[in-house]
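S.K.: Provided herewith is a single structure, encoded as structure tokens, for subsequent inquiry.
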Amino acid sequence: MKNDIILSGVGGQGILSIAATIGLAAVANNLFLKQSEVHGMSQRGGDVQSHLRLSDKPVASDLIPHGKADLIISVEPMESLRYLPWLSDKGWLVTNSNPFINIPDYPSLDEILKEIKKIKNHIIIDADGIAKEAGSARSGNIVILGAASPYIDMPFESLEDAIKKLFGKKGDHVVETNLKALRAGKEFSVT
Amino acid sequence: MKRVLLLGDEAIAQAALDAGLSGMYAYPGTPSTEIMEFVQSSKDASDRNVHREWSSNEKTAMESALGMSYAGKRAMVAMKHVGLNVAADGFINSAITGVNGGLIIISADDPSMHSSQNEQDSRFYGKFASVPCFEPSNQQEAYDMVFEAFEVSEKYKLPVLFRITTRLAHSRASINLRETIPQKKLSLPVDPLQFVLLPAIARIKYKSLLSAYESLRYESRISKYNNFKDGRRRDLGIIACGIAYNYFLENVGESVNDFPVLKISAYPFPKELIKDLTGRCNEILILEEGAPVLEEAIRGILDDGIKIYGRLDGTVPRDGELNPAIVAKAIGLPLSYGQDVPSLVKMRPPSFCNGCGHADMFKSLNESIKPYGTGHVFSDIGCYTLAALPPYNAINSCVDMGASVTMAIGASDAGLFPSVAVIGDSTFTHSGMTGLLDAVVKNSSVTIIISDNSTTGMTGGQKSHATGRIEQICEGIGVNREHLRIIVPLRKNHAENVRIMKEEFEYKGVSVVIASRECIQTATKRKRSEN
Ligand SMILES: Cc1ncc(C[n+]2csc(CCOP(=O)(O)OP(=O)(O)O)c2C)c(N)n1
């Protein structure tokens, strides 16, 4: 088993809590794991990415080789396209449809969505809308994780357990809304 | 055995705690910051009362760690690569004094300059100081090596340099932890003159450092972190240093036994192991993350030995970090590739946060400096350096911490008027204060704007030594009270702030404008934790 996942977004959008959830689940499943993160300069509203590598064998490189990613999970549509050189031809791209516009020359959203739809395996999800329905506008990132979960080779329950662990300190309510967000995301993908 | 998921930085911090660390010293700097942050939030550290406060800069951190070592305890100091330039005086001389308690200096290099002004390779400093240098290839090795580094440090009574790079520092992996070693007791050096580098003493100590280097070569030869594994092929042998070894393994996969390969993670260079490899192969490929330190050494000036591929002949790019693709190409393996990035994807450079005081300060600065034309504003390193980018285009320099003040002095000496420096609060206490003293003593005609967001923002909001002290510091250094102005960089104060800046630009002497407004990131975090 091998899952090479690229997480992408804009600094401050919370891709690291997606990474942390998958990471906890991977440890619970006794998988080998490497997860490289971006800290420092780019966290100030710049583009950020994280390479997450899960395997039943030891993982050598911290970085995913070009053309080998099984999955891109993006919390921002334009950012999802930045990592296409890494996506394998069988890979999936799962992205939020809501743009984060903090640059003057941000392209038209229609054009971006058109490019995303050219990818054979893609899912575009209104994560912000679904998160609001689930009761927490801030868990859009977990909705996207839910939407990507069918393409991660771990039991869905282990992602749920990871959410419980990760958000446990913040109280039952936060855990519940995030679980709801995760399930709603999955629901969107499988139906 | 306990297993935990840790960043490379965190693995190093946990290892130091498990190896009986008594004092952690650091100044923030990407990619090293999380080492101290981990120690500060560690329950182990607080249970064991490990010293863990930030220092003003890397030099004070280095020297405090040396003091902890003088007192017989294990100490670690962490910094980014350019921090080692700041700490270099203490570092190089600590090799001559030697240590008492084990001392590890972590220098985190940032090849490709993700968050840095340059990509210098700290391994040069290991050779320069004639000390042992470790370069882990993965997070588990980083954890384990800290134990050995302390042992080597105490065995040879030398500081040990520990070089890591961005990808190791900021990548998480599962780590097996070892049993905890208790801290050492206070015990002073046996020789009361060990740390007294008067020339007569230093000459003797330097000779013993040079002869110890021969023993270190032997240590490198037998180190478990340097290993040579023969392979089937005779046409090409590989030398991979540190993290480069991972990219090699990633690429060769199952056919790892084809290549004779020497992995190097402990320095000085293991000469005999290198000869073992070169004696068997027609050609070699050298993979190093950073500068071609080993490659230059093997080629020498004559470069008339075995055929060598590496960064110097273009097989590997001369600059920038390695990645799996670069290494695949260098070995001659086929490259995989997804699709090109569509042309509509735009660059998204970092920018000021909404509600950042620096931004409002620069708006006022731009307006007040406008009559004088461009080229008057020296700046420094921090979030405020983002003002170099559009729409601000407000600053003309960013060189090294503190250089805004001193470059403004030099330019003013040359006749530039007005000559303005913009420096952050943490940068000011790191290296700006001594420059300000120069300005006061010489009565230079400079205006220094201290953009005070009460935190070390760029590296993630660590406590700033300047907080609540800037005004007193400036007065103490001798800035005239009438030209020590305090402003609040808010939009509603714009007109008044422009007027104050203009007044101070016109003043022919030292003036300081402190623009104070809390960083929006730390303010948000603080409010969240208060609720
Ligand atoms: C010698 C050295 N040490 C550390 C750094 C890393 N560094 C860059 S910016 C910065 C923070 C500066 O803080 P401050 O001056 O308060 O400005 P802010 O980012 O808060 O605006 C640090 C620590 C560096 N570039 N050089």
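S.K.: Which cross-chain or sequence-distant (5 or more) residues have an amide H under 5 Å from the amide H of B:Leu285, H modelled 1.01 Å from N in plane?
M.R.: Hits under the 5 Å cutoff: B:Gly237, B:Ile238, B:Ile239, B:Tyr309.
S.K.: What whole-number distance in Å separates the alpha-carbon centres of region B:430-474 and region A:1-36?
M.R.: So the separation of the two Cα centres works out to 40 Å.
S.K.: Whole angstrom only: what separates the Cα centroid of region B:206-270 from the Cα centroid of region B:272-300?
M.R.: Going from one Cα centre to the other spans 9 Å.
S.K.: In peptide A:81-89, how many Cβ atoms from other protein chains are near each Cβ within 10 Å, on average?
M.R.: Mean partner-chain Cβ count within 10 Å for A:81-89: 5.
S.K.: Taking H as built 1.01 Å from N, whose amide H comes closer than 5 Å to the amide H of B:Arg485, not counting residues under 5 places away?
M.R.: B:Val512, B:Val513, B:Ile514
S.K.: While we're on this one: Which of the lysines could be linked to B:Lys370 by a straight reach, that is with a Cα gap under 30 Å, when you skip same-chain ones fewer than 8 residues away?
M.R.: B:Lys442, B:Lys492, B:Lys502, B:Lys508
S.K.: Ignoring ligands, DNA and RNA, how do B:Phe195, B:Phe147 rank by accessible area with a 1.4 Å probe, largest first?
M.R.: Numbers: B:Phe195 50, B:Phe147 5 Å².
Per-residue accessible area, sorted high to low, gives B:Phe195, B:Phe147.
S.K.: Ratio to report: Rg/Rh of chain B, with Cα atoms as the point set and Rh obtained by the Kirkwood method; give two decimals.
M.R.: Details: Rg = 25.3 Å, Rh = 25.1 Å.
Taking Rh as the inverse mean 1/r over Cα pairs, Rg/Rh reads 1.01.
S.K.: While we're on this one: Calculate the mean, over all residues of peptide B:332-339, of how many other protein chain Cβ atoms lie within 10 angstrom of the residue's Cβ.
M.R.: Mean number of neighbouring Cβ atoms from other chains: 5.
S.K.: Rounded to the nearest 500, what is the 222 nm mean residue ellipticity of chain B from helices alone, with -39500 (n - 2.57) per DSSP H run of 4+ residues and division by all residues?
M.R.: -11500 deg cm²/dmol
S.K.: Net charge around B:Cys519, counting only other residues with Cβ within less than 15 Å of its Cβ (Lys, Arg = +1; Asp, Glu = -1)?
M.R.: After counting each charged neighbour, the total is +3.
S.K.: So which trypsin sites (Lys or Arg not before Pro) in region B:293-357 pass both tests, a DSSP loop state and at most 14 other Cβ atoms within 10 Å of the Cβ?
M.R.: Those that pass, being in a loop and sparsely packed, are B:Arg318, B:Lys346.
S.K.: In percent, what relative contact order does chain A have, based on Cα pairs under 8 Å that are 6 or more apart in sequence?
M.R.: 21
S.K.: Still on this structure, I have one more. So what is the calculated 222 nm ellipticity per residue for chain A, using -39500 (n - 2.57) for each DSSP H run with n of 4 or more, over all residues, to the nearest 500 deg cm²/dmol?
M.R.: So the helix-based figure for chain A works out to -12000 deg cm²/dmol.
S.K.: Give the accessible area for A:Ser97 in Å² (nearest 10); use a 1.4 Å probe, count only protein heavy atoms, and leave out ligands, DNA and RNA.
M.R.: Accessible area, nearest 10 Å²: 30 Å².
S.K.: When DSSP beta bridges are limited to those with both residues in the protein assembly as shown, what percentage is antiparallel, rounded to the nearest 5?
M.R.: 30
S.K.: Quick one: work out the % antiparallel among DSSP beta bridges in region B:187-307, nearest 5.
M.R.: Beta bridges within region B:187-307, antiparallel portion: roughly 25 percent.
S.K.: Let me ask you something else. Could you give the size of the charge dipole of region B:25-110 about its Cα centre, using +1 on the Cβ of each K and R and -1 on the Cβ of each D and E, expressed in debye and rounded to the nearest 20?
M.R.: Approximately 280 debye in magnitude.
S.K.: Okay, moving on. With every protein chain kept in the model, how would you rank B:Glu283, B:Glu289, B:Glu321, A:Glu176 by accessible area, 1.4 Å probe, largest at the top?
M.R.: Highest to lowest solvent-accessible surface, that is A:Glu176, B:Glu283, B:Glu321, B:Glu289.
S.K.: With contacts defined as alpha carbon pairs under 8 Å and 6 or more residues apart, what's the relative contact order of chain B in percent?
M.R.: 11
S.K.: Okay, moving on. For a test of the definition: using alpha carbon positions, the gyration tensor, and the 1.5 limit on a/c, classify region B:227-330 as rounded, prolate or oblate. If you can, show how the numbers build up before the last one.
M.R.: Values: a/c = 1.37, a/b = 1.05, b/c = 1.31.
Here region B:227-330 falls in the rounded category.
S.K.: Inside 10 Å of the C-beta atoms of A:49-61, what's the mean count of C-beta atoms belonging to other chains?
M.R.: 4
S.K.: Taking amide H positions as placed in the peptide plane 1.01 Å from N, state which residues far from A:Ser97 in sequence (5 or more) or on other chains have amide H under 5 Å from it.
M.R.: A:Ile125, A:Asp126, A:Ala127, A:Asp128
S.K.: Could you tell me the center-to-center distance, by alpha carbons, between region B:409-428 and region A:77-140 in angstrom?
M.R.: First find each Cα centre; the distance between them is then 45 Å.
S.K.: With a cut-off of 8 Å between alpha carbons and a minimum separation of six or more residues, what is the relative contact order of region B:22-66 in percent?
M.R.: Once divided by the residue count of region B:22-66, the mean separation gives 56 percent.
S.K.: To continue, here is another question. What list of ³J(HN,Hα) values in whole Hz, one per residue of region A:131-143 in order, does the Karplus curve 6.51 cos²θ - 1.76 cosθ + 1.60 (θ = phi - 60°) give from phi, with Gly and Pro shown as x?
M.R.: Once rounded to whole Hz, the list reads 5, 4, 4, 6, x, 8, 4, 7, 9, x, 4, 6, 4.
S.K.: Could you list the trypsin sites (Lys or Arg not before Pro) in region A:111-145 that lie in coil according to DSSP, counting only those with at most 13 other Cβ atoms within 10 Å of their Cβ?
M.R.: For trypsin sites (Lys or Arg not before Pro) across region A:111-145 that sit outside H, G, I, E and B with at most 13 neighbouring Cβ atoms in 10 Å, the list reads A:Lys118, A:Lys120.
S.K.: Calculate I(q)/I(0) for chain A by the Debye formula, one identical point scatterer on each C-alpha and no solvent, and give its log10 at q = 0.09, 0.13 Å⁻¹ to two decimals.
M.R.: For the requested q values the scattering log ratios are -0.29, -0.62.
S.K.: Where Lys and Arg each count +1 and Asp and Glu each count -1, what net charge lies around B:Asp230 among other residues with Cβ under 11 Å from its Cβ?
M.R.: Charge balance near B:Asp230 sits at +3.
S.K.: Oh, and also: May I ask you to rank B:Leu273, B:Leu312, B:Leu186 by accessible area, largest first, using a 1.4 Å probe over the protein chains only?
M.R.: In descending accessible area the options line up as B:Leu186, B:Leu312, B:Leu273.
S.K.: How about B:Lys307: which lysines have a C-alpha closer than 27 Å to its C-alpha, ignoring those fewer than 8 places off in the same chain?
M.R.: B:Lys127, B:Lys229, B:Lys263, B:Lys271, B:Lys275, B:Lys329
The values are calculated or read from the model by the stated rules, or taken from the named source; none is laboratory data. What you see is a predicted model, and the numbers here were worked out from it, not measured in a lab. A quick note on method: Cβ atoms are made from the backbone with ideal geometry, for glycine too, and the neighbour counts reach across all protein chains shown. The area values use the complete protein model at the heavy-atom level, side chains included, leaving out ligands, DNA and RNA. Shrake-Rupley method; radii C 1.70, N 1.55, O 1.52, S 1.80 Å.
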